Amino acid sequence: MEKVQINPERFRVFLQNELLDRIRQNPSYSLRSFAKALRLDSGQLSRILSGKRKASQPTIYKIFQSIPLSSSRASELLKSENEKPTFETIDLDRFNVISDWYHYAILELTKVKGFKSEPSWIAKQLGITKSECQIAIERLKKMGFLKESLNGQYVDVSGDISTIGNPFTNSVFRNLQRQVIRKAEAALETVDYPLRSQTSLTISVNLEDLSEVQKRINKFQEELNNFLERRRRRDEVYHLSVSFYPVTHIQNKEVER
């Protein structure tokens with residue numbers, strides 16, 4: 001790789017995503033395993049990932065020796081001294097915060113009775129790895145969605161972040177919904193019936209009513225959210241997924257038969 005200047009913040013996000021990708025492929029993969037693969041001290045790597053320490057250019061190129069990069073992925077990281085990044089690091093963090101379900105779950109978990117501001121405890125409750133949890137907490141803090149009080153407690157200060165605007169919204173929300181659907185599928189087998197509600201409705205419709213259907217679904221979700229938020233005490237974090245979609249394509253002339 002030609003040695004040109006690399007944005008340390010962009011590299012930090014890239015490195016976080018590389019670790020998360022490896023964890024998705026192997027849930028037992030750890031920060032220590034990642035450090036060993038990169039030939040780095042685990043403490044040094046942890047500080048780089050958390051943003052407490054910026055990676056020097058020599059360290060960045062040393063790491064590149066251990067991570068195979070496609071030309072397209074490499075080009076996203078490389079920049080000259082005077083080149084302006086294509087988008088700000090805040091957008092990179094926002095992209096990742098809204099693309100994985102557990103970021104939202106961490107925020108909601110802070111409101112649950114018995115919550116502990118400990119990454120290992122949070123990770124255990126959500127069934128994710130400690131590394132995933134630590135990276136998520138760091139991103140939520142950086143985005144201003146999560147803060148740490150004077151007594152060390154995590155507090156959700158995100159407000160309503162259900163419609164964050166950014167150029168990645170469509171593709172990212174598709175990925176998020178895929179994750180939610182997979183978790184709903186798993187719940188069919190792992191969660192006792194009294195603790196869940198999973199139903200479906202199959203009905204013929206007039207396409208002119210679809211706009212009104214979407215409005216009613218949105219209104220229902222808003223009303224349910226307001227109803228559930230009325231209590232100060234929370235016990236668990238739940239997902240709600242409502243899918244309303246066609247199973248026929250009679251009116252779609254573009255569909256290939």
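Of Lys116/Lys183; Lys183/Lys219; Lys62/Lys142; Lys124/Lys147; Lys116/Lys147, which ones are farther than 18 Å apart at the Cα? Write out the running numbers ahead of the final one.
Numbers: Lys116/Lys183 24 Å; Lys183/Lys219 24 Å; Lys62/Lys142 27 Å; Lys124/Lys147 21 Å; Lys116/Lys147 14 Å.
Cα-Cα > 18 Å for Lys116/Lys183; Lys183/Lys219; Lys62/Lys142; Lys124/Lys147; rest within.
I need the GluC sites (Glu not before Pro) found in segment 187-248, filtered to DSSP loop residues with at most 10 other beta carbons within 10 Å of theirs. Intermediate values should be presented prior to the final figure.
Working: sites: Glu189, Glu208, Glu212, Glu222, Glu223, Glu229, Glu236; in loops: Glu229, Glu236.
Answer in residue order: Glu229, Glu236.
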Q) Residue by residue through segment 20-34, which ³J(HN,Hα) values in whole Hz follow from phi under the Karplus form 6.51 cos²θ - 1.76 cosθ + 1.60 (θ = phi - 60°), with glycine and proline marked x? A) 5, 4, 5, 5, 4, 6, 8, x, 8, 5, 10, 4, 4, 5, 5
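Which chymotrypsin sites (Phe, Trp or Tyr not before Pro) does segment 174-257 hold that lie in a coil by DSSP with at most 15 other beta carbons within 10 Å? If you can, show how the numbers build up before the last one.
Working: sites: Phe220, Phe227, Tyr238, Phe244; in loops: Tyr238, Phe244.
Loop-located and lightly packed - Tyr238, Phe244.
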Q) When only C-alpha pairs under 8 Å and at least 6 residues apart count, what is the relative contact order of segment 97-257, in percent? A) 28 percent
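Bear in mind that the values in this text are calculations on the coordinates, not laboratory data. None of these values were measured; they are calculated from a predicted model. All Cβ positions, glycine included, derive from the backbone under ideal geometry; neighbour counts span all protein chains shown.
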